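The values are calculated or read from the model by the stated rules, or taken from the named source; none is laboratory data. No experiment lies behind these values; they were computed from the predicted model shown. Positions of Cβ are generated from backbone atoms using ideal geometry, with glycine treated the same way; all protein chains shown enter the neighbour counts. Surface accessibility is based on the protein's heavy atoms, side chains included, excluding ligands, DNA and RNA. Shrake-Rupley method; radii C 1.70, N 1.55, O 1.52, S 1.80 Å.
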Amino acid sequence: MSTLSTLRTPQPGTNRALRRRRIRQNWGQPWLYLPLAGALLLMIAPFLWMLSGSFKPEADIRRVPPVLIPTAPTTANYGELFSTLDFTSMFANSVIVALAVTAGNLIFCSMLGYALAKLEFRGQRAVFLLVMGTLMIPGLVTFVPLYVLVANMQLTGSLLGLILPFLATPFGVFLMRQFISTLPDELIDAARVDGCRELAIFAKIILPLTKPALATLGIITFLGSWNNFLWPLVVAQNESQYTLPVGLALASSGQSFTRFGILLAGAMVVLLPVMIVFLLFQRQFVAGIATTGLK
């Protein structure tokens, strides 16, 4: 028995040898790392240019040929940005709208996704096909009818008009439906036998098991709502309801030219909350993308 257990138990030296062999095999394939490094450089180059440009004077930004590293770094762009904009009000508007839209999508999309995945009712397939059909319609097609609807409800010029039309999206319903359909029916059947109602099943069983999908939907929704520009520009009637992207665009546009320094500094400020949210939930985001739709 001791001999068999010794043979079955991997020795530390063997593990180290296997690890070194894998490292040599991986590094022995430079053709695999070269295109990955090139793709990484292409992806981060705009962000590096944006970060560098936010610390450049306007003359250096327009310089030809361009230079990546500022010759005379300055924070004047950030100072002018905060002095020109009502930054606190616009930042608060962006946070309120993004959090409200994200919370609405997490609640309503998961509810409808659960109904389409696990509940049987007449017209279930038709509802799902309707959701899939609306997913294929470009947003610009419904922009004008949606604005007319919001205007008739007298919600223009208010934060509610920026929030209400986006509390549920076809993509969110589809994502949650695909993830919930992978959960075993035995869990739901056992809860029903124990006397749980559908709302209790949804809150106590379904939601805890769908955290990866909820994190994925939350990050995507927050990102889209935070960067939304056209809808707040049209619906908001005055500066007190502007979000950061709208205020940034108006502050950086002069009468005859665009002030790229302020624009790049504002882009860095707008980017920071999105990066923080992604870094906090990146594991759940990757897990949700990897497992959604598997059956």
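Just a few scattered comments:
- Stokes-Einstein, applied to the Kirkwood radius of segment 37-191 over Cα pairs at a viscosity of 1.002 mPa s and 20 °C, places its translational diffusion at 105 µm² s⁻¹.
- Relative to its residue count, segment 132-198 spans a Cα convex hull of 130 Å³ per residue.
- Relative to the Cα centre, the charge distribution of segment 76-196, modelled as +1 at Lys and Arg Cβ and -1 at Asp and Glu Cβ, gives a dipole magnitude of about 340 debye.
- Rounded to the nearest Hz, the phi-derived 3J(HN,Hα) couplings of segment 148-153 under the Karplus curve 6.51 cos²θ - 1.76 cosθ + 1.60 (θ = phi - 60°) are 4, 4, 5, 5, 5, 7, where x marks glycine and proline.
- Residue among GLY79, ALA115, VAL144 farthest towards the positive dipole end of segment 48-152, charges placed on Cβ: ALA115
- Surface composition of segment 177-231: carbon and sulfur atoms hold 62% of the protein heavy-atom accessible area at a 1.4 Å probe.
- Segment 60-122 and segment 200-263 have Cα centres spaced 4 Å apart.
- For ALA236, distant residues with modelled amide H under 5 Å away: GLY157
- Table column - 3J(HN,Hα) (Hz), segment 213-224, Karplus curve with 6.51, -1.76, 1.60, x for Gly and Pro: 5, 5, 5, 4, 5, x, 5, 5, 5, 4, 4, x
- At R0 = 30 Å, FRET efficiency that the Cβ-Cβ distance of LEU42 and VAL144 yields, to 0.05: 0.25
- With θ taken as phi - 60° and the Karplus curve 6.51 cos²θ - 1.76 cosθ + 1.60 applied, the whole-hertz 3J(HN,Hα) list for segment 175-190 is 4, 5, 5, 5, 6, 5, 5, 7, 6, x, 5, 4, 4, 5, 5, 5 Hz, x standing for glycine and proline.
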